[in-house]
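Engineer: Sharing a structure here in structure tokens format.
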Amino acid sequence: MNSYIILLIIAAYFGLLLLIASITGKKGSGNEAFFLGNRKSPWYIVALGMIGTSISGVTFVSVPGMVRGMDMTYMQMVFGFFFGYIIVAKVLLPLYYRLNLTSIYTYLESRMGNRAYKTGASFFLLSKTIGAAARLYLVVLILQTYVFAAWNIPFGVTVAGSILLIWLYTYRGGVKTIIWTDTLQTICFIAMLIVIIWQVKDVMHTDSRGLVQTLIDSPHFRIFEFSDWHSTQHFVKQFLSGIFIVIVMTGLDQDMMQKNLSCKTLKESQKNMYWYGFAFTPVNFLFLSLGVLLLTLAGRLNIALPALNDDILPMYCTSGILGESILIFFTIGIIAAAFSSADSALTALTTTFCVDILGIHKEEAQKAKKTRLKVHLLISVLFALIIIIFKAINNRSVIDAIYVIASYTYGPLLGLFSFGLFTRMVPRDKLVPYICIASPVICYVADKLVFAYTGYRFGYEILMINGLLTFMGLWLATSKTKK
């Protein structure tokens with residue numbers, strides 16, 4: 001495959017993104033458009049774009065690979081996701097719309113106090129910055145290894161170019177732009193996913209019916225686990241974790257809620273959440289099905305698979321096993337999946353830092369806009385620096401550790417919002433930061449001790465324990481004052 005053809009396709013793809021940004025930016029580039037899209041976003045466009053935001057480039061390569069270790073049991077968590085979206089639509093969205101919020105963490109200030117507000121916003125900033133940069137790093141590394149290394153382009157140039165392109169199409173319009181660019185990117189990566197599955201079918205020399213039968217006959221086509229309670233894949237653990245993961249990583253995440261709050265009305269925002277939650281299930285099923293098919297194909301052709309699960313799909317798409325042209329589709333798919341997640345995170349981080357930390361809503365409009373542009377640029381530079389640091393460390397286990405640390409930071413947010421929503425008590429504001437820091441630390445120590453003495457390893461349920469500890473700490477720190 002001619003490398004210049006791939007470069008031309010990537011250039012055309014980003015040219016289209018910049019065109020969309022130019023069109024949406026002309027109609028409004030102020031802070032209201034950047035933060036909330038002037039609250040005029042069509043709900044169906046938001047719903048489609050949110051799929052791309054949720055499925056990052058890491059997901060694009062990781063979910064098919066995880067089938068080797070856990071079959072299709074990830075679907076148990078996906079089923080839980082759907083019920084989590086219903087809870088977000090019924091409980092959190094009405095609150096956010098009633099208070100007319102730009103940043104969802106503003107709620108904590110009115111409910112508990114300024115320190116609780118700053119603590120919640122800071123936990124989001126920490127988690128999202130590291131998590132988004134880590135996800136983008138893995139994708140940039142794949143592109144560097146399999147695409148740009150052919151031209152001897154340095155890794156730093158690939159990083160700078162990727163960040164620059166994201167900055168270019170988000171700095172003016174923000175949410176008003178990314179709801180449309182994310183929609184395009186969602187369509188692209190789903191289309192590329194289907195193309196790859198279709199190519200696997202052709203290599204297997206079967207038809208659609210035979211493909212379905214291959215899936216059903218595979219030993220990896222195992223969705224439910226009810227027998228082994230100690231397994232992290234047990235249905236109850238996965239299903240409940242799915243519900244709570246959506247509540248914290250969607251309902252309490254400025255990145256995901258910012259798009260919902262850009263819808264015209266609460267009713268439209270709820271409709272978006274229902275359809276988005278429904279569509280998320282078959283998309284994940286397709287990713288897992290691709291993983292089953294790749295393992296089956298490896299068995300039939302005696303293909304030696306990479307040691308790392310994340311390398312399975314890239315290996316197939318770059319080795320020519322699925323045809324020379326598949327590299328183009330893989331490149332477009334992974335760029336679309338990665339950048340729809342990264343551009344959304346960049347916009348949300350800019351919003352949270354500007355509104356929650358700097359309080360630019362108190363500034364004059366023109367000055368506030370200049371502040372927002374500076375913050376947007378600085379966070380873009382920070383992304384690039386973190387990615388380069390990851391490359392210098394050059395250890396994927398570090399990335400795994402970062403994801404674990406990031407997951408711990410959502411527990412305090414769960415505890416804070418649960419306490420605010422389901423009690424009338426007001427904790428001592430000065431104690432809130434210490435409680436929110438102590439909770440994940442206690443969870444980490446408990447996980448190590450339990451594993452050392454019993455051999456049991458906590459999975460995603462650590463999120464619920466973390467939130468419960470935060471809730472209990474806030475309850476113990478409650479003053480007599482009630483709202």
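Engineer: What helices (runs of 4 or more DSSP H) completely inside segment 120-224 contain at least 3 residues that are outside the structural domain of Ile388 (by TED's automatic domain parsing), modelled with pLDDT of 90 or more and in contact with a Leu (Cβ under 7 Å, 6 or more places away or on another chain)?
Structural biologist: none
Engineer: What is the one condition in (1) surrounded by fewer than 23 Cβ atoms within 10 Å (Cβ to Cβ); (2) closer than 15 Å to Ile334 by Cβ; (3) in contact (Cβ under 8 Å) with a residue 12 or more places away in the chain that Phe148 does not satisfy?
Structural biologist: Condition (3) is where Phe148 drops out.
Engineer: Just give me the residues in segment 237-265 being farther than 20 Å from Val355 by Cβ and touching a Lys or Arg at 6+ places or on another chain (Cβ under 8 Å), in sequence order.
Structural biologist: Lys264
Engineer: Restricting attention to segment 310-319, does a residue exist that is among the small types (Gly, Ala, Ser), without any contact (Cβ under 8 Å) to a residue 12 or more places away in the chain and part of a loop (DSSP other than H, G, I, E, B)?
Structural biologist: no
Engineer: Has segment 282-294 got any residue that is touching a residue at least 12 places away in the same chain (Cβ under 8 Å), of a type outside the set (Val, Ile, Thr) and not in a helix (DSSP H, G or I)?
Structural biologist: No, segment 282-294 contains no residue that is touching a residue at least 12 places away in the same chain (Cβ under 8 Å), of a type outside the set (Val, Ile, Thr) and not in a helix (DSSP H, G or I).
Engineer: I've got another one for you. Identify the residue in segment 242-281 that is part of a helix (DSSP H, G or I) and of a type in the set (Asp, Glu) and, among all such residues, is modelled with the lowest pLDDT.
Structural biologist: Restricting to residues being part of a helix (DSSP H, G or I) and of a type in the set (Asp, Glu), the top hit is Asp255.
Engineer: Return a yes/no flag: does segment 446-463 have any residue that is of a type outside the set (Gly, Ala, Ser) and closer than 15 Å to Met112 by Cα.
Structural biologist: Within segment 446-463, none of the residues are of a type outside the set (Gly, Ala, Ser) and closer than 15 Å to Met112 by Cα.
Engineer: Does segment 320-336 hold any residues that are more than 13 Å from Tyr13 (Cα to Cα) and assigned to a helix (DSSP H, G or I), and which are they?
Structural biologist: Result: Ile326, Leu327, Phe330.
Engineer: Starting from segment 111-134, take each residue that is touching a residue at least 24 places away in the same chain (Cβ under 8 Å) and list its partners that are surrounded by fewer than 19 Cβ atoms within 10 Å (Cβ to Cβ) and aromatic (Phe, Trp, Tyr), counting only C-beta distances under 8 angstrom and pairs at least six apart or across chains.
Structural biologist: Pairs that qualify, where the first residue is touching a residue at least 24 places away in the same chain (Cβ under 8 Å) and the partner is surrounded by fewer than 19 Cβ atoms within 10 Å (Cβ to Cβ) and aromatic (Phe, Trp, Tyr), are Gly131/Tyr403; Ala134/Tyr403.
The values are calculated or read from the model by the stated rules, or taken from the named source; none is laboratory data. Here the structure is a predicted model, which is why all the values come from computation and not from measurement. For neighbour counting, all protein chains shown are included, and Cβ atoms are generated from backbone atoms with ideal geometry for every residue, glycine included.
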